[in-house]
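For reference, the structure is listed below as structure tokens.
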Amino acid sequence: MIILTTLNARHSHASLGLRYLMANLGELEAHASLREFTINDNLGWVAEQLIALSPRIIGFGVYIWNLRETTKVVAIIRRVAPGVRIVVGGPEVSHEHEHEPLVAMSDVLIVGEADLAFPPVCAALLEGRAVPKVVRAPKPAPASISFPYARYTDDDLRHRIIYVEASRGCPFTCEFCLSSIENGVRSFPLEGFLAELDGMIRRGCRVFKFVDRTFNLGITSSSAILAFFLERWPRDPAGTLIGPDPQARVADGLPANGSFFLHFEMVPDRLPDALKDLLARFPRGSLQLEVGIQSFTPRVGELISRRMDRAKTEDNLRWLRDAGIHVHADLIIGLPGETVDSFADSFDALWRLGPGEIQVGILKLLKGTPLARHREPFAMAFNPEPPYDILKNRDLDFPTMQRLKRFARYFELYANSGRFARGVGLLMSGGASPFRAFLEFSDRLWSTTHQEHAISQTRQYELIGEHLRTVGQLSAQTVIAALAQDFLDHGQRKHLPEFLRPTVESGRRDGRARSIDEVSAAR
């Protein structure tokens, strides 16, 4: 028995990599089983579940989010079932693995894309033949790889985030990214790929997350994929495309009310008219585009080898905003040469362009990336344990970096959660710099609570309300009206703070008085 396994960050995430390995096992697939767990599971129980299947080989997919947990599971298996052969692979062990304890405990490490390298390793282990400790897998031609999508179960397709890819690789050289060491882009045969998508749609899949690093790089391919979905999009009796239910939690992989929800990563300065024409045809709320800005500071872009036409990027972001397409834009704290002031400029410029979310990420030194060349010139220090986040650099000392990390956490909690749209709107419109306004709020949150997590929703409303009334110098009536509407849109009765209760319980929504019970019943 061969077991393919990994520990996902959440149950809603379904491993694409394991399904590729399963689909390419050939005759060995009949003797293989796929088991997924999460990093929050009891690790002794995970080991117990795997050993109970009486495996001869266990293959682990290893990523930055599960290295620690996978190491502990393998350590248990090594002690209670030493005869089981352990094969590991994945981005977290494909670089700088010489002193990695997990690799030392394993029988075989497959470096690189293991789609076609894994089967012969398994065959050799099962037959008792010698296998090198480290197997370096050459990059396979996409046409030689069997598609994995039939290995998603019907339950996966209906209730989990389904990852798909039309291509692998990236043409850009951003030094913080593992894709920067790729050599170009390799595309899967488009006709076969679309046939696979069609099969999943027929089986009930409605949420597709494309993992291509540059979905809109090849306009012919991306246009064909968008046209494919438009042809299959559900329509009402009048022939109008049906948009997703706004209450559907598509971010968690749940069905979008019979409609589709599509996620793509895109190059921000490449959006020709032909692609705009297709994007404009989709219902509002049905598309999410992830756009890597990282920094608008020219010198920082030069240092990390990131090329971007800012004027085109800004024009495209405005167009996407006006077209009602949700944009998830990324900025990174801690890049070489970035100061607090220059990051503030990038944040403020991006905020005013109106993306749906600004993901404020923390720079990480991923194994194998060229970013390491900046460590000495910019006095960069990184956490030695996953996720290898930056601790300080020449321009941002440790206390400042901690302050900015709290900013990122609180921005996720208040702005990106979507629960405080009006409250955050008031907060960010109160001064010349939206970044400075939220940083001040972030500092107040920390000094008041000394918590980054486990702040109750009731307390969240109270904290932003207090801040807006005192620091923002807004009237209590203005603050309560905004936060009451936020609560009517997204709150739950059990989390209703007392200062909002009178307004919420007799409040108005869309010109109609609605009690909190009516709002709850409508959900």
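For the range 89-156, trypsin sites (Lys or Arg not before Pro) are listed when DSSP marks them as loop and at most 15 other Cβ atoms sit within 10 Å of their Cβ; the list is 129, 133. Once the Cα atoms are used to define both axes, helix 398-411 deviates from the longest principal axis of the chain by about 80 degrees. Here the chain is treated with +1 on each Lys and Arg Cβ and -1 on each Asp and Glu Cβ, and its dipole about the Cα centre works out to around 460 debye. Distances between placed amide hydrogens fall under 5 Å for residue 213 paired with 169, all partners being 5 or more residues away or on another chain. Projecting the Cα atoms of 421, 347, 363 onto the charge dipole of the range 327-486 (Cβ charges, centred on the Cα centre) puts 363 farthest toward the positive pole. Protein heavy-atom surface of the range 7-56, 1.4 angstrom probe: 48% of the accessible area is carbon and sulfur, with nucleic acids and ligands not counted. Across the chain, Cα pairs under 8 Å and at least six residues apart give a relative contact order of 9 percent.
Answer rounded, prolate or oblate for the range 327-435, using the Cα gyration tensor with square roots of eigenvalues a ≥ b ≥ c: rounded when a/c is under 1.5, else prolate when a/b is larger than b/c, else oblate. Prolate shape, in that a/c is at least 1.5 and a/b is the bigger ratio.
A 1.4 Å probe run over the protein chains yields, for the chain, 44 Å² of accessible area per residue, whole-number rounding. With the helix formula -39500 (n - 2.57) applied to DSSP H stretches of n ≥ 4, the chain reaches a computed 222 nm mean residue ellipticity of -11000 deg cm²/dmol. Once you order the gyration tensor axes a ≥ b ≥ c over the Cα atoms, which shape class does the range 402-465 get: rounded for a/c under 1.5, otherwise prolate or oblate by comparing a/b with b/c? Oblate, because a/c is 1.5 or more while a/b does not exceed b/c. Taking only protein heavy atoms and a 1.4 Å probe, the accessible area of the range 209-357 is 49% carbon and sulfur.
Proximity of backbone amide H atoms, modeled 1.01 Å from N, is registered between residue 280 and no other residue at under 5 Å, excluding neighbours fewer than 5 places apart on the same chain.
Put a dot 7 Å past the Cα of residue 459, heading toward its Cβ, do the same for residue 422, and the two dots end up 2.5 nm apart. A simple rule links phi to the HN-Hα coupling: the Karplus curve 6.51 cos²θ - 1.76 cosθ + 1.60 with θ = phi - 60°, which for the range 52-60 gives 4, 7, 6, x, 9, 9, 10, x, 10 Hz, with x for Gly and Pro. What the phi angles of the range 322-332 give under the Karplus curve with 6.51, -1.76 and 1.60, with θ = phi - 60°, is a coupling list of 5, 7, x, 9, 6, 10, 9, 9, 9, 10, 10 Hz, glycine and proline written as x.
Under 5 Å from the amide H of residue 111 lie the amide H atoms of 135, 136, 137, each residue being 5 or more positions distant or on a separate chain, with H modelled from the backbone and absent for Pro and chain starts. Computed on protein heavy atoms with a 1.4 Å probe, the accessible areas place 233, 319, 45 in the order 45, 319, 233, largest first. Scalar couplings 3J(HN,Hα) for the range 281-288, obtained by applying the Karplus form with A = 6.51, B = -1.76, C = 1.60 to θ = phi - 60°, are 7, 7, x, 4, x, 9, 10, 10 Hz; x denotes Gly and Pro. Please label the shape of the range 346-503 as rounded, prolate or oblate, based on the square roots a ≥ b ≥ c of the eigenvalues of the alpha-carbon gyration tensor (a/c under 1.5 means rounded; beyond that, a/b larger than b/c means prolate, else oblate). Prolate, because a/c is 1.5 or more and a/b exceeds b/c. Considering only 93, 278, 11, and ranking their Cα positions along the charge dipole of the chain that arises from unit charges at the beta-carbon of Lys, Arg, Asp and Glu, the one farthest toward the positive end is 11.
The values are calculated or read from the model by the stated rules, or taken from the named source; none is laboratory data. Note that the structure is a prediction, hence the values are computed from the model and not measured. When we count neighbours, we look across all protein chains shown, and the Cβ atoms used for this are built from the backbone with ideal geometry, even at glycine. The area values use the complete protein model at the heavy-atom level, side chains included, leaving out ligands, DNA and RNA. Shrake-Rupley method; radii C 1.70, N 1.55, O 1.52, S 1.80 Å.
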